[in-house]
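The values are calculated or read from the model by the stated rules, or taken from the named source; none is laboratory data. The structure displayed is predicted, hence computed values, not measured ones. Don't worry about glycine lacking a Cβ; one is built from the backbone with ideal geometry, like all the others, and counts go over all protein chains shown. For the accessible areas, the whole protein counts, side chains as well, though only heavy atoms, and no ligand, DNA or RNA atoms are used. Shrake-Rupley method; radii C 1.70, N 1.55, O 1.52, S 1.80 Å.
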Amino acid sequence: MTDMVKGKVAFVTGAARGQGRAHALKLASEGADIIAVDICERVGTIPYPMATEGDLAQTVAAIEALGRKVVAAKVDVRDLDGMTVIVAEGVKTLGRLDIVCANAGIFSVASALDMTADEWRDMIDINLTGVWNTVKASLPHLVAGGSGGSIILTSSANGVTGAPMYVHYVAAKHGVVGLVKGLAIELAKDRIRVNGLLPAGVATDMVRDFVDVMGMDARYVEPDPSQAGAENPLKGILFDPADMSDPLLFLASDAARYVTGLMLHVDGIGLLHAESSGGNN
């Protein structure tokens, strides 16, 4: 522990499990108090089980075990009013807001020909509008604090590359990159930094459950994880959620006080390989 965010308060979405839990625990271990939310219920077009209230309770217990305070609630990032209420409650209880981690997201696959309106809508509403709602609910508190802040938006390696069979996901993640670029310029006057975290495949419950339900033929991770490492040990691997949290901690901390508008790739050589081969990541 180095207390990189000591005395700060962080708002983390999708905090019940996976990358969200890893981010919340990393920030708490480095001195931050946490506002944590998760949907904790099924989404109609998503084939795998979502996080539960029990999962969120485990995140809360783990944060408290680190000696940090936490305000947690079951909130859907599509619900701007609900997001606004919980952020305000968190700031009232914890005293401030410094860091925003818009991490919550979903995944599904469908060909462009077969994709339903509901599949498209759920993806865009959660993975793009939900990110916007996270920022929108947080901004008044960051600005009112007067000391700047750090916003980290989780995009994806597919936020800058294409891929077949999940164009709705690709479109949403490209949109998140656009938010980073626009907000970084607009909020610079308030000393609010905005950066994007672009992970490759991460071994979260979402990915494991998706593979369990859909099978590897769905090809969420490319190349097939069973072939990972044959060519290069950094190509095509599934990362641990904690591997995403150290880079996020840097972006959240004062060590990155002059870093804004950055798309931070945490994908081994995934993007480099895609660029060199002319293919998709």
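Please list, ordered by chain and number, the residues whose modelled amide H lies under 5 Å from the amide H of I35; skip anything fewer than 5 residues away on the same chain.
Residues meeting the criterion, in which the H sits 1.01 Å from N, are A10, F11, V12, V71.
In whole angstrom, note down how far apart the Cα centers of the range 123-162 and the range 1-68 are.
16
Give, in nm to one decimal, the length gained when the segment between K6 and K189 is fully stretched (0.36 nm per residue of separation minus the Cα-Cα distance). Don't skip to the end; give the middle numbers.
Details: separation 183, 0.36 × 183 = 65.88 nm, distance 2.43 nm.
Here the segment from K6 to K189 would lengthen by 63.5 nm.
Averaged per residue, what accessible surface does the range 1-77 expose to a 1.4 Å probe, in Å²?
Numbers: 2860 Å² over 77 residues.
Value returned for the range 1-77: 37 Å² of accessible area per residue.
Summing Lys, Arg as +1 and Asp, Glu as -1, what charge do residues with Cβ under 11 Å from the Cβ of D38 carry, D38 excluded? Mind showing how you got there, number by number?
Values: positive: R17, R21, K74; negative: E41, E53, D55, D76.
With Lys, Arg at +1 and Asp, Glu at -1, the net is -1.
Could you state the orientation-averaged shadow area of the convex hull built on the Cα atoms of the range 1-148, in nm² to one decimal? Before the final figure, lay out each step's value.
On the way: hull surface 35.4 nm².
Average of the hull's projected areas for the range 1-148 equals 8.9 nm².
HN-Hα J couplings of the range 87-95 from phi, Karplus 6.51/-1.76/1.60, θ = phi - 60°, integer Hz, Gly and Pro as x?
Going residue by residue, I get 5, 4, 4, x, 5, 4, 6, 9, x Hz, with x marking Gly and Pro.
Using each residue's phi in the range 70-77, evaluate 6.51 cos²θ - 1.76 cosθ + 1.60 at θ = phi - 60° and report the 3J(HN,Hα) Karplus result to the nearest Hz, with x for Gly and Pro.
Using θ = phi - 60°, the values come out as 8, 10, 10, 7, 7, 9, 8, 5 Hz.
Calculate one ³J(HN,Hα) per residue across the range 54-62 by plugging θ = phi - 60° into the Karplus curve 6.51 cos²θ - 1.76 cosθ + 1.60, and present them in order as whole Hz with x for glycine and proline.
In residue order, the calculated couplings are x, 4, 5, 4, 5, 4, 4, 4, 5 Hz.
What are the residues whose amide H is under 5 Å from the amide H of R193, where those residues sit 5 or more places off or on another chain and H is modelled from the backbone?
Here the answer is G149, S150, I151, since their amide H atoms fall under 5 Å of that of R193.
Put +1 on the Cβ of every Lys and Arg and -1 on every Asp and Glu Cβ in the range 1-139; which of T84, A28, A110 then has its Cα farthest towards the positive end of the dipole?
The one lying farthest along the dipole's positive direction is A28.
Starting from the Cα of K181, draw a straight line to each of the lysines and keep only those under 19 Å, dropping any in the same chain fewer than 8 residues away.
Counting by Cα, and skipping residues close in sequence, K181 has these lysines nearby: K136, K173, K189.
K8: which lysines have alpha carbons under 16 Å from its alpha carbon, excluding same-chain residues fewer than 8 sequence positions away?
Within reach: K26, K69, K92.
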